[in-house]
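To keep things clear, I will list the structure first and then write my remarks on it.
The values are calculated or read from the model by the stated rules, or taken from the named source; none is laboratory data. Quantities reported herein were computed from a predicted structural model and do not represent experimental measurements. Quick reminder, even Gly has a Cβ in these numbers, built from the backbone with ideal geometry, and neighbours come from all protein chains shown. What goes into the accessible areas is simple: the full protein's heavy atoms, side chains included, and nothing from ligands, DNA or RNA. Shrake-Rupley method; radii C 1.70, N 1.55, O 1.52, S 1.80 Å.
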Amino acid sequence: MQHYTAGTTGKRPTKTIDAIFLYELIKKYKPSLLITQFAATNIMLLVGWLMRVPHRIVWYHTLSKAIEDDWRSSKSKLRYLRIRKSLVYRFATCISFVSNYAQKDFVNTYFKPKISVIFYNGMEKKEGSRHLPSQEIRQVCCVARLDISKGQDILIKAFKQVTEKVKGATLILIGDGPN
């Protein structure tokens, strides 16, 4: 398996040079599947569609509330971003959600996708489970920008439930930002 990173435009692959980079990779390797999340979604879906990559999957896990928090100072920018995302997401062949709530959020914010799956944050869903880690898992690490939109404050409050069930559990937060 080969992994490539553009690394030419900084942290977020959102520039024309990143689209060209992706175009060249698709042309060279002719993948049948692309999976995207975060900032690369717009470019990956558009270039993948233009290059006729048959399967283009979006891993949807950033809820609309987080985007609203990020753009709370500009309602017009938020409206523009929602319209743009609504158009771009239509280039996906499948939307993968991390929870039932994320799927509802997507449908309420954008549209009901033709094909979607729920993949519970990489954890197997057992009937009646509350997705608490097993006794073997003692450390949980969250890597994200430290901003209200990322919800670390909620994670810290919720982690109290984990420490009540898993002795010695620790939460590690890694990131940078205003918080």
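For a Förster distance of 41 Å, can you work out the FRET efficiency between the beta-carbons of Ile172 and Ser32, rounded to the nearest 0.05?
Values: r = 37 Å, r/R0 = 0.90.
Calculated value: 0.65.
Could you run the Karplus curve 6.51 cos²θ - 1.76 cosθ + 1.60 with θ = phi - 60° over the range 13-25 and give me ³J(HN,Hα) per residue in whole Hz, x for Gly and Pro?
x, 10, 9, 4, 4, 5, 5, 5, 4, 5, 4, 5, 5
Viscosity 1.567 mPa s, temperature 4 °C: Stokes-Einstein D of the range 10-92 from its Kirkwood Cα radius, in µm² per second? Write down the numbers at each step before the final one.
Working: Rh = 13.6 Å.
Calculated translational D: 95 µm²/s.
Taking the full set of protein chains and a 1.4 angstrom probe, give the accessible area of Ser86 in square angstrom, rounded to the nearest 10.
Estimated to the nearest 10 Å², Ser86 gives 20 Å².
Taking all protein chains together and a probe of 1.4 Å, list Arg84, Arg90 from the most accessible to the least accessible. Please list the in-between numbers first.
Numbers: Arg84 85, Arg90 140 Å².
Largest accessible area first, the residues go Arg90, Arg84.
How long is the gain from Lys165 to Lys104 if the chain were fully straight, where each residue apart is worth 0.36 nm and the alpha carbon distance is subtracted? All intermediate terms of the calculation are to be shown ahead of the outcome.
On the way: separation 61, 0.36 × 61 = 21.96 nm, distance 2.92 nm.
Additional length available on full extension: 19.0 nm.
For the pairs Lys114/Lys157; Lys75/Lys104; Lys15/Lys85; Lys65/Lys157; Lys65/Lys85, flag any whose C-alpha to C-alpha distance is greater than 26 Å. Could the numbers behind the result be given before it?
Working: Lys114/Lys157 36 Å; Lys75/Lys104 22 Å; Lys15/Lys85 16 Å; Lys65/Lys157 18 Å; Lys65/Lys85 14 Å.
Violating the 26 Å Cα-Cα cut-off are Lys114/Lys157.
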